[in-house]
Each structure stands twice: as structure tokens, then as C-alpha cells.
Amino acid sequence: MLYQFHEAQRAVLNPVSSWADAMSQMFANPYSPFAYAPFANRAAAGFELIHRLGKEYEKPAFGLTETEIDGRSVSVQPRIVIDKPFCKLLHFERLLPARLADRADDPVVLVFAPLSGHHATLLRDTVRGLLPHHDVYITDWMDARMVPLTQGPFSLDDYIGYAIEFIRHLGPDVHVMSVCQPTVPVLAAVSIMAELRDDSLPLSMTMMGGPIDTRNSPTEVNNLATDNPFNWFERNVIYVVPAKYPGAGRRVYPGFLQHAGFVSMNPGRHANSHWDFYLDLVRGDMDTAEAHRQFYDEYNAVLDMPAEYYLDTIRTVFQDHLLPRGLWNVSFDGRAFRVDPSKITNVALFTVEGELDDISGPGQTQAAHGLCTNIPSEHQRDLVVEGAGHYGIFSGRRWREIIRPEVSRFIGEHRRRIGQRSRSRKAA
């Protein structure tokens, strides 16, 4: 009933939010006589704050329509390449002019966005930073409440199946980048492809801030998953999608519950941020206020996760640690596989962590190196970014100035298969 109660609450708040938005405009619009009242700026700021606290946030657009390559502006056209029930593979196609035709050979990068509450647009800055140097694709996950029940369930094994399909579609010259949660299923996907001796194996894997082994530097997020028994999650966070949505009847971990969890991790910081937003509006600091709007437009836009996928992740990754213990069995293409990263021999590995990451603690992503024992050491690299938190490793100044250049350099060094490079050296 919690989901239905939430929908009833939304039905009440939506008109209040719309009314507050109209009142804010009335006290802010220069054509309105109320805008010249002595208290107008405070009234407009207060009503906008009420509007933003009560409004329903839709999925934002990527908004990436152009990039700059070699000092020239280049148009970018997002295009759906593969349309699956639970995910769309999105290509940010660069419309290169003739004078930049040689840049069509830039390395292909497939970014695996997390299916963990927020939309793939959370990685907008990641894509923006990669576009001048790479041909970029990203997994754009669907809100589970919008997927009809007739499409069946979606589990962690299904995520791995999607990953293999996308890599095969773009391989064999693709470089994969996984951010946060997908580091685990992507490592499993590449391990299975290596066992199958798949010709479409990626050239490199870049893994950023992911829970490969959550026994290292456990965070509050990890503790939540281990302090409660598995059936607690089934009883307390899984609900059925109401009838008004295409996915009616589907069991999900609702986005609004995830959002409440995000906020509860730092309630004071969010309260101060909203107060500062009000003061910025009163003072007329519109640039800072707009930055607040953009951040919370993204942060407050959440999606429902399929129950099967979420519960599989809780058990496999956070409670039983099946990947680092070598006990993870995955079903793919009608066969059962034991996930064994030591099968990977000719895919380069780069791990990136933030020193202050409070979601995937330092050492959790580095654990991939200890599992990929047969990748030559010269083709493995680890980067711990001083002063970076979780979001700072894929967005913001540190991503743009420190991490992205290192990622591009690593990809550039591994544009050929490791085995081919070794044979070339021997031939020379």
C-alpha cells in the first residue's frame, strides 16, 4: 500500500506545487505589479522553494548537442542503437565535418551507467568529457514502472546478458567503462566472454568506484545491506507498481524510497543547500541558484528498479560476496557459468577510486586486480584520486582535469589487443 499512498500524496502535492510556481512568477515577473512590492523578492524565493520541494521530477535530457574537437565545434546527435525492454543503448554520434574525418577512428567507449536509482543522465559530465576524444555509447536504463509486466522479470543475470550483447554489438575494438554498481556485472560479462573465447572481447575495462569486494573499507551503504537479513529487504522495500503505469503489477524497489535513502545519508547538507538556494534568490545571485536547480533536477529524478535485480544485487554483491569468493554462478544463453575473472588474459584493466568515496570505499574497486590474475601486470593500472568523493570520480573538476585525461591515455595505450601487441613486438 505504500506505493499507492505515495501516489495519493503526489496527487495532493502536484496542484500545490503548480500554485506555488504561479505565485513565484507573479512576484518575480517584471510585467507583474506585485514584482515591485517591498517583499517581492522574498515572496518569489519562498514560493519557488515550495514549488521545487513539492514538484515531481521527470527524467532530465542529456542535453549534449555539440562538442569541441581540435578547437572546432562539432554537432552531436543522440541515437538509439539497440532498444531492449529494460535498456536502450544510446550512441552520441559526432557529425564530423570533412576536415575532421580522421577523428572517426577515435576509440569506441561503451559506458555502463548504474541501474541504481538515478537515470543515466547522472553521467552527463562523464559523456561530455569523453566526447572530444572518443566515440561514446551509454546504457540508458528504463524506469521499471514503465516496462509492461508482459516483458518478464529482469535479474542480475539479465544485466550480464545485456552487457554481453552490447559489447558484442560494438566489439572487438570497444573499450568498456563501468561506473559504480555495474563494475560487478560487467566484470562477470567479460569473464564469461573470455571463457567462451569470444572474438568480441573489449580491448580494455575501466572500472570506477564499484563494489567489487565490499568487505574492503565498508561504508554506510554496505553496512545497511549487511545489518539487515535478506528477507528484510523483501518485506520492507519491494512494492507493486500501481495500475496507472504501464508496468502495473511489476514488483519494484520504488524510486521515491531510494530518494529518501539518498537524502537520509546527509539530511543536514540538503537542508542547508535548500536554505542557501532561498538566500541566493533573495540576493539575486541567479547563477548560483541555477546551479542548484540543475543539480537537484538530476538528483531528485529517480527510477524504479526491478525487484529481482535489486534483490540479486543485495545477496550476491553485498551479503554473500560471491564474486571475490569465487562462488558466483551465472546463467547465460541457456548455460551455467562460474564467474572466474582469472580467465581474462588479454583485456587491459584500469581501476579508479576516490580517496573520500563514502559509497564504494577505497579498496573495493582495486579488488578487481586481485581477481584478474592472468592479465599481465603492465596492462593493469590503478588510480586513487586525492580529495575525490564518489560523484567526483565521474563528474566535476577532478573528473575533467585529472581522471578523464588518464582514462583517455590508458585507452590510447591499449588500442590493440594485448596478444597482438606482444606478437608484433616479437616480429619486430
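The values are calculated or read from the model by the stated rules, or taken from the named source; none is laboratory data. This structure is a prediction, so every number in the text was calculated from the model and none was measured. Glycine gets a Cβ as well: all are built from the backbone with ideal geometry, and neighbour counts include every protein chain shown.
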Q. From the residues in the range 120-141 that are surrounded by fewer than 23 Cβ atoms within 10 Å (Cβ to Cβ) and of a type in the set (A, V, I, L, M, F, W, C), which one is nearest to GLN294 (Cα to Cα)?
A. LEU122
Q: Find the residue count for the range 258-302, including only residues that are on the phi > 0 side of the Ramachandran plot and surrounded by 14 or more Cβ atoms within 10 Å (Cβ to Cβ).
A: 0
Q.
Suppose we keep only residues that are under 16 Å from VAL184 (Cβ atoms) and hydroxyl-bearing (Ser, Thr, Tyr) within the range 343-373. Which one would you say is surrounded by the most Cβ atoms within 10 Å (Cβ to Cβ)?
A. THR365
Q.
Here are the criteria: (1) touching a residue at least 40 places away in the same chain (Cβ under 8 Å); (2) in the same structural domain as HIS390 (by TED's automatic domain parsing). Tell me which single one ARG293 does not satisfy.
A. (2)
Q) So TYR31 fits all but one of (1) outside any helix (DSSP H, G or I); (2) within 29 Å of the chain's Cα centre (by Cα); what number is the exception? A) (2)
Q: Considering every residue within the range 339-358, establish whether at least one is assigned by TED's automatic domain parsing to the domain that holds ALA113, over 30 Å from ARG409 (Cα atoms) and of a type outside the set (D, E, K, R).
A: no
Q: Return the residue satisfying two criteria in turn: it lies in the range 211-248 and is in a loop (DSSP other than H, G, I, E, B) and among the charged types (D, E, K, R), and of such residues it is surrounded by the fewest Cβ atoms within 10 Å (Cβ to Cβ).
A: LYS244
**Q.** Filtered residues of the range 6-56 (kept if over 17 Å from ALA289 (Cβ atoms), surrounded by 13 or more Cβ atoms within 10 Å (Cβ to Cβ) and charged (D, E, K, R))
**A.** GLU7, ARG10
Q: Could you please give the count of residues in the range 397-417 that are at pLDDT 95 or above, closer than 19 Å to GLY171 by Cα and among the basic types (Lys, Arg)?
A: 0
Q: Report yes if ARG72 is in contact (Cβ under 8 Å) with a residue 24 or more places away in the chain, farther than 30 Å from GLY247 by Cα, of a type outside the set (Ser, Thr, Tyr) and surrounded by fewer than 12 Cβ atoms within 10 Å (Cβ to Cβ), otherwise no.
A: no
(Q) Let me confirm something: among PRO172, PRO114, PRO132, which residue is farther than 23 Å from LYS59 by Cα and either modelled with pLDDT under 95 or not assigned by TED's automatic domain parsing to the domain that holds GLY326 (or both)? (A) PRO172
Q. Within the range 74-86, is even one residue assigned to a strand (DSSP E or B), out of contact with any Leu (no Cβ under 7 Å at 6 or more places or on another chain) and polar (S, T, N, Q)?
A. no
(Q) I need the full set of residues from the range 75-106 which are in contact (Cβ under 8 Å) with a residue 12 or more places away in the chain, farther than 23 Å from TYR162 by Cα and charged (D, E, K, R), in order please. (A) ARG94, ARG99, ARG103, ASP106
Q) Mind checking which residues of the range 82-94 are touching an Asp or Glu at 6+ places or on another chain (Cβ under 9 Å) and surrounded by fewer than 21 Cβ atoms within 10 Å (Cβ to Cβ)? A) ILE82, LYS84, LYS88, LEU89, HIS91, GLU93
Q.
I'd like the full set of residues that are assigned to a loop (DSSP other than H, G, I, E, B) and surrounded by 13 or more Cβ atoms within 10 Å (Cβ to Cβ), limited to the range 377-390.
A. ALA388, GLY389, HIS390
(Q) Can you pull out every residue in the range 327-349 that is farther than 15 Å from SER155 by Cβ and touching a residue at least 24 places away in the same chain (Cβ under 8 Å)? (A) ASP340, PRO341, SER342, LYS343, ILE344, THR345, ASN346, VAL347, ALA348, LEU349
**Q.** Unmet requirement for TYR57, which otherwise passes all of (1) among the hydroxyl-bearing types (Ser, Thr, Tyr); (2) assigned to a helix (DSSP H, G or I); (3) within 30 Å of VAL241 (Cα to Cα)
**A.** (2)
Q: Look through the range 275-331, keep the residues that are assigned to a helix (DSSP H, G or I) and among the acidic types (Asp, Glu), and return whichever of them is nearest to GLY247 (Cα to Cα).
A: GLU308
Q. Does TYR310 satisfy the condition of being aromatic (Phe, Trp, Tyr), closer than 23 Å to ASP358 by Cβ and touching a strand residue (DSSP E or B) at 6+ places or on another chain (Cβ under 8 Å)?
A. yes
(Q) If I filter the range 201-229 down to residues being among the small types (Gly, Ala, Ser) and touching a His at 6+ places or on another chain (Cβ under 8 Å), which single residue comes out as nearest to HIS259 (Cα to Cα)? (A) GLY209
(Q) Based on this model, can you work out whether ARG338 counts as surrounded by fewer than 22 Cβ atoms within 10 Å (Cβ to Cβ) and under 30 Å from SER264 (Cα atoms)? (A) no
